[in-house]
Amino acid sequence: MTLSSQELRQKFLDFFRSKGHAIIPSASLIPDNDPSVLFNTAGMQPLVPYLLGEPHPLGRRLANVQKCLRTDDIDKVGDTVHLTFFEMLGNWSLGDYFQEEAIAWSWEFLTDKQWLGLPADHLAASVFAGDADAPFDRRSYELWQQMGLPEKRLAKLGQENNWWGLASHVGPCGPDTEIFYWTGPEPVPDIFEPANPFWVEIWNNVFMAYNEQPDGTFIPLKQRNVDTGLGLERVLAVLNHEPDIYVSDLFQPAIHYLEKISGRLYSSETRTFRIIADHMRASAFLLADEKAVTPSNKDQGYVLRRLIRRAVRLVYNWSIPPADILSGVIEQIIATMGEAYPELVRQHDFIIAEVKKEIIKFNYTLGRGLKEFERLVGHHHFISGTDAFMLYQSYGFPWEMTKELAQERGLAVDEAGFQEEMKKHQELSRTAAAGKFKGGLADNSLATTRLHTAAHLLLQALRQVLGDGVYQRGSNITPERLRFDFSYPQKLTPEEIKQVEDIVNEQIALDLPVTCEEMSLEEARQTGAMGIFDAKYGAKVKVYTIGGDQPFSREICGGPHVEHTKELGHFRIIKEESSSAGVRRIKAILED
Ligand code: SER
């Protein structure tokens, strides 16, 4: 009998609930307070403060299914086991139980008939061998023997295999013990050889007793924690005796759909189908995330762009519009996973609309870009950094796509040269941005300065009329007009527009003083100033306040501004329209 993904999630959570664990929801795919990483790559990541000792509101035993995304293996996606987005089942002890219970429960969950019922003779484990930083994990070794694993099925490995910590090498970490399952032909070999690919790692138990310092030393944590993780998709494959993780209920509907719409077979287009299914699934989850990621040229947005564009390239020759194929795959994914992740269903329209927008945008330049690429291939023996940058800049080819295309043709690409070009370009745009945001407006004319102050009044007026969910999303000021983007899901009514105008004009009539103070970012946050706190401001920021004791507005801003609001004249909104999904745009002018 095959086990479904939902049954596996349920069994895992039920098991740990029966062992006194509170079930916590999955955190966002985007880490909360950690700008050093783009995505949550393990279930423990959102729990770092609690692993370091902060009390968790739900207690000391937790379990969940966490949405994770890893990009380091993105080039391996297409084989039987690698994914970008995946679900990680995990249980934690925050200074509560330690090795004894963790190992005994792992064993019970895996082997007991009531739970997964895997044959014990198909299991093996590796433990930390010890080195200068920490001793051999003798306790785990003995505990595995007590469970019934013979020495031949136990391996002692070094830090590179049996030590787990964050990629940043700072924070909670410790020796781990990894559990392997034999997926090869019978009989199972007596001796466990971790390098044999038929031994698949299915569960990692980390005994977090150390805190790695930025200087590379390890100090004992004040509490001893357990952090475990099992990749849902891998375990499912193992349980169902199916080495290909795409042959599970998680992916089959998407794969069948691809077969149907393209008339091609999974058996012949295996790698392409897998990449498309994986990339579209990750894209759907990024867009549906509570911190909605949309395609862009930086950070998480860039990863999303890469995922979508790579999929577009793969179906480009299929004689069916890529937007139809790929949005159809996403429909299947939402249908498959929407029950476990209701955000997919809630954000259905947004996901489809954003994906289609990105596909159509890229489809438009892809054909010309591919021609350009062919031209380059015809002329050169390698792709220069300048060429790769040209493909990126003019045709929207993510760097990785150019690299992939070149590899397919057996050509080298000058990566250092590309990075060099990219840096030059970023420096140019940084200087331009600095002109606008740090040193002040690029154009210091009085007309522009007045509109700039009006923008601050406008933001506050919008928040008063439409609520605190309104944030500035961008602005563009010329001496003639102000363009202002802000987050808000629907069109403003004429009454709301009138109210906003009236509030701004009232504040102008009050002739409020506009003052500027310099302070640290933290101080600015404490004054309640509006601003983007995670942007890379300097050590000191300028805070502009409009109004006296109980100011009307306070914002982090480079300036310059007028000194009194009466200098603005009369404020009028000339247009209100949609800018992108969830973002409205106002155009406004000042009249004398
Ligand atoms: N953090 C460990 C891992 O990712 C166990 O959950 O493998």
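Here are some notes:
- From Ser283, Ser262, residue being touching a residue at least 60 places away in the same chain (Cβ under 8 Å), of a type outside the set (Val, Ile, Thr) and buried (at least 23 other Cβ atoms within 10 Å of the Cβ): Ser283
- Test: residue in the range 104-124 that is open to solvent by less than 60 Å² (accessible area, probe 1.4 Å), at pLDDT 95 or above, polar (S, T, N, Q) and in contact with a Gly (Cβ under 8 Å, 6 or more places away or on another chain): yes
- Residues that are within 11 Å of the ligand (Cβ to nearest atom) and open to solvent by 20 Å² or more (accessible area, probe 1.4 Å), drawn from the range 164-191: Trp164, Gly165, Leu166, Ala167, Glu178
- Residue match in the range 397-405 (condition: out of contact with any strand residue (DSSP E or B) (no Cβ under 7 Å at 6 or more places or on another chain), open to solvent by 40 Å² or more (accessible area, probe 1.4 Å), modelled with pLDDT of 90 or more and not in a strand (DSSP E or B)): yes
- Output for the range 64-98, where each listed residue is under 16 Å from Ile276 (Cβ atoms) and among the hydrophobic types (A, V, I, L, M, F, W, C): Ile74, Val77, Leu83, Phe85
Rundown of residues vs (1) closer than 21 Å to Ile589 by Cβ; (2) of a type in the set (Lys, Arg); (3) open to solvent by 70 Å² or more (accessible area, probe 1.4 Å); (4) at pLDDT below 85, yes/no style:
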residue: Val413; (1), (2), (3), (4): no, no, no, no
residue: Leu446; (1), (2), (3), (4): yes, no, yes, yes
residue: Leu462; (1), (2), (3), (4): yes, no, no, no
residue: Gly467; (1), (2), (3), (4): no, no, no, no
residue: Glu495; (1), (2), (3), (4): yes, no, yes, no
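- Of the candidates Lys67, Lys113, the single residue that is within 14 Å of the ligand (Cβ to nearest atom) and under 28 Å from Lys11 (Cα atoms) is Lys67.
- Out of Asn211, Asn204, one residue alone is touching a strand residue (DSSP E or B) at 6+ places or on another chain (Cβ under 8 Å), farther than 25 Å from His82 by Cβ and in contact (Cβ under 8 Å) with a residue 40 or more places away in the chain. It is Asn211.
- From the list Ser5, Ser18, Ser36, the lone residue that is away from the ligand (no atom under 14 Å from the Cβ) and in contact with a helix residue (DSSP H, G or I) (Cβ under 8 Å, 6 or more places away or on another chain) is Ser5.
- Test set (1) surrounded by fewer than 13 Cβ atoms within 10 Å (Cβ to Cβ); (2) within 14 Å of the ligand (Cβ to nearest atom) - Pro55 fails condition number: (2)
- When residues in the range 183-207 are screened for being more than 23 Å from Cys173 (Cα to Cα) and in a loop (DSSP other than H, G, I, E, B), 15 of them pass.
- Tabulated pairs, the range 60-85, first farther than 30 Å from Glu101 by Cα, second of a type in the set (Asp, Glu), C-beta under 6 angstrom, 6+ apart or interchain: Val77/Asp278; Thr80/Asp244; His82/Asp73; Leu83/Asp278; Thr84/Asp278
- Look at the range 503-517: where a residue is open to solvent by 30 Å² or more (accessible area, probe 1.4 Å) and a partner is among the polar types (S, T, N, Q) and in a helix (DSSP H, G or I), sitting 6+ places away or on another chain with Cβ atoms under 7 Å, you get Leu510/Thr565; Asp511/Thr565.
- Number of positions in the range 63-99 that are hydroxyl-bearing (Ser, Thr, Tyr) and open to solvent by 30 Å² or more (accessible area, probe 1.4 Å): 2
- Counting the residues of the range 203-224 that are within 11 Å of the ligand (Cβ to nearest atom) and not aromatic (Phe, Trp, Tyr) gives 4.
- Meets criteria (small (Gly, Ala, Ser), surrounded by 13 or more Cβ atoms within 10 Å (Cβ to Cβ) and not in a strand (DSSP E or B)) for Ala524: yes
The values are calculated or read from the model by the stated rules, or taken from the named source; none is laboratory data. Keep in mind that what you see is a predicted model, and the values were worked out from it rather than measured. Neighbour counts run over all protein chains shown; Cβ positions are idealised from the backbone, glycine included. Accessible surface areas use protein heavy atoms only, side chains included; no ligands, DNA or RNA. Shrake-Rupley method; radii C 1.70, N 1.55, O 1.52, S 1.80 Å.
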